[in-house]
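Chemist: Handing you a structure now.
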Amino acid sequence: MNRITPDIIRNCKQGDTTAFRELLTISNPYVYSVAIRILNNEEDARDAVQVSMIKVWKKLKGFDEKNNYKTWLYRITVHTCFDMLRKKKRDKTIMADEKFWEKMSSSLEEGSGKYRDKSEDLKLIRLLTGKLSPLQKAVFVMSEIMTLEQEEIAEILKIRKSAVKANLYHARQGIKKMMEFKM
């Protein structure tokens, strides 16, 4: 994201499609990373990238260059994902087998509690966060998986840091209860 210069933003705001292609090339991996972790579905994540980048194009003229582009982009992406989750009403129950719970338990015991960025772990994330509210899920994903600071999460979601802490606490409690129930 550091490769996005004020000149690129300025040129995009003036309607330069070449600059916007460059912005897309740099931004798409970050947008996809957020979307796949919140939506847990590759097709939905690709759709979220497209929708988010359309929103970026439409809203870029109003973007204040004094603000952090990455935070602004994440905010658009997270809200796009929230909209998609609301539309899909993803409250389907996903049942896990014993191997899943063994892997989850050992993965939690092994390190700092942070999850690896592998496609096999998407199933773990989906199962763990499936019953959380979209806000709790977003806070959990950004904190525990993307390892963003609480201040940055608050800025992205436009909520107070105390709300980030509360949602993270409730997300962890929900996951803990689910794991205790299954184990």
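The values are calculated or read from the model by the stated rules, or taken from the named source; none is laboratory data. All of these numbers come straight from a predicted model, not from anything done at the bench. Backbone-built Cβ (ideal geometry, glycine too); neighbour counts: all protein chains shown.
Chemist: Going residue by residue through segment 66-81, is there one that turns out to be of a type in the set (A, V, I, L, M, F, W, C) and either assigned by TED's automatic domain parsing to the domain that holds residue 134 or farther than 20 Å from residue 151 by Cα (or both)?
Modeler: The initial filter retains those residues of segment 66-81 that are of a type in the set (A, V, I, L, M, F, W, C), namely 72-73, 76, 78, 81.
Pick out the ones that are also either assigned by TED's automatic domain parsing to the domain that holds residue 134 or farther than 20 Å from residue 151 by Cα (or both) and you get 81.
Yes: segment 66-81 contains one or more residues that are of a type in the set (A, V, I, L, M, F, W, C) and either assigned by TED's automatic domain parsing to the domain that holds residue 134 or farther than 20 Å from residue 151 by Cα (or both).
Chemist: Could you list, in sequence order, the residues of segment 66-86 that are among the polar types (S, T, N, Q) and in contact with a helix residue (DSSP H, G or I) (Cβ under 9 Å, 6 or more places away or on another chain)? Give the steps one after another, and end with the answer.
Modeler: Residues of segment 66-86 among the polar types (S, T, N, Q): 67-68, 71, 77, 80.
Listed by number, the residues that qualify are 68, 71, 77, 80.
Chemist: Now for a different question. Spot the failing condition for residue 147; the list is (1) in a helix (DSSP H, G or I); (2) farther than 24 Å from residue 86 by Cα, and only one is missed.
Modeler: All conditions pass for residue 147, except number (1).
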